[in-house]
Structures are given as structure tokens and as C-alpha cells.
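Here the structure is laid out as C-alpha cells; the discussion comes afterwards.
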Amino acid sequence: MIFSSGAPQFGQPSGSARRAEEFSAAQSSATASRRATPSRRAGAETTLLQKQLAGMRNGGVFVMTIPKAPYRCPPGPYERACVVADYLKRTKGAACKVLVLDENMTIQAERHTFELAFSSMHAGVIRYLPGVSNIAINASSKVISYVDQIAGTTVVHAKVVNPIAPHRATGSAPGGWLAQAGLNNGSEGRWASVNLLATSRQQPRSRTFM
């Protein structure tokens, strides 16, 4: 996913010029996050999203992006889409739209439940598009472009953008601390097998809480 503040970029400077550009880029990134927040952390991020949603009018478009799995809390994005759709219908009007751009080919958790919610309870409001790629977001203009499953490019003008960037647990990469500690004994070596009754890692004489 490409996420920009809308500022043009030129070349590769060096020395003090590069440090100045990096500082400017950091400021632009902070500004961009205020315009299109992932709202992963409760507090300032979720408060910002709440204010942005409160500022929407009937007919406005809310766009959410979902990264490829695995990511933290698989049902989370789909739950948020339903909550946002319900809020917009009740407080702004039925003409509001929630566009969910999922980089995965299918819903990643409780598939039947969310398919039912999207197609019945929130029909006409939520539009769920799986298998999208090349998502590009301009935080300044709230313009999003993406490529669908049949390689068609679409451009959307949103009122609120909620980009959920790819994320992994720290140390989960190959050779990371998860593997070094011998905890990645789950599926495909990416997960820690957990004893659901004891909520601990399954390893003799060990209780590693996840």
C-alpha cells in the first residue's frame, strides 16, 4: 500500500539536505496520519476517527483498507466496518457508503457471519471488495486508487480514510526472537501453539503467556 501526504518528491539528496528532507517527510507523515488515521491505538487515533466520522454527511464515503494476513486481530477490520456502517445509517443517512478494500481473497475470520452482515444487515451501505492490490492513498485529497481482481484500476474520492497498514508481532520474522526462543511451533512456523485451557504456550515445564 502506498501512503502519501500529497507532497512531491525529488531525487535523493545527501548530507544536511537529506536530513532536512527526512525531517520534512516525518512532519508530512504526521500530518498525513492526522488526515487518514489507522486508529489502531485507543486514545488520540480513535478520537480523531470519531471526529472525522461525526463530520461526515449523508452520501459521504468511508474507505477502509485491510492488509494481507496474518495481521493482529483478524476480525477487527470487519467488525469496525459494521460499526461504522451502523453509525452512518443511524446518524448521517442511508446514502452513506462504507468501502472495504481487502488485500485478502476472502474474509479472514468468522466469514459466514460477516458475509451475512455485509449482504443483509448493511446491504446498500457496505461494499466489500476482496483481492484488491496496488492500493494508493493520498491523505491530503482523500483520493484512493486500487486494482481489482480483474486488473481494473478504480479511483475513489473519500470523505474519511481508515488505512490499516500491514503489521506483524515484533520478532515474528524468520530468525526473530520468537524463533530463537523456540516458540514458533505452530502453523507454518509463524505461530506459537497455545493450550487454550491454560492460556499458555504448549511446552513441557514452561508457561509462556501470549
Select from region 109-153 the residues that are in contact with a His (Cβ under 9 Å, 6 or more places away or on another chain) and touching a residue at least 40 places away in the same chain (Cβ under 8 Å) and write down the one among them that is surrounded by the fewest Cβ atoms within 10 Å (Cβ to Cβ).
S141
Flag for T65 being touching a residue at least 40 places away in the same chain (Cβ under 8 Å) and among the polar types (S, T, N, Q):
yes
Residue list for region 141-174, restricted to those being farther than 22 Å from L49 by Cβ, in contact with a Gly (Cβ under 8 Å, 6 or more places away or on another chain) and modelled with pLDDT of 85 or more:
D148, Q149
Flag if A95 is in the same structural domain as K159 (by TED's automatic domain parsing), modelled with pLDDT of 75 or more, closer than 18 Å to H167 by Cα and part of a loop (DSSP other than H, G, I, E, B):
no
How many residues, within region 91-138, are more than 24 Å from A36 (Cα to Cα) and aliphatic (A, V, I, L, M)?
6
Sole miss for I164 among (1) more than 18 Å from V84 (Cβ to Cβ); (2) surrounded by 12 or more Cβ atoms within 10 Å (Cβ to Cβ) is condition (1)
Specify which of the listed residues (E45, E110) is at pLDDT below 95, acidic (D, E) and touching a Ser or Thr at 6+ places or on another chain (Cβ under 7 Å).
E45
It is to be established whether one or more residues within region 118-128 are in contact with an Asp or Glu (Cβ under 6 Å, 6 or more places away or on another chain) and either within 12 Å of D102 (Cβ to Cβ) or not hydroxyl-bearing (S, T, Y) (or both).
no
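The values are calculated or read from the model by the stated rules, or taken from the named source; none is laboratory data. Just so you know, these numbers come straight off a predicted model, no measurement behind them. Reconstructed Cβ throughout: ideal geometry from the backbone, glycine too, with neighbour counts over all protein chains shown.
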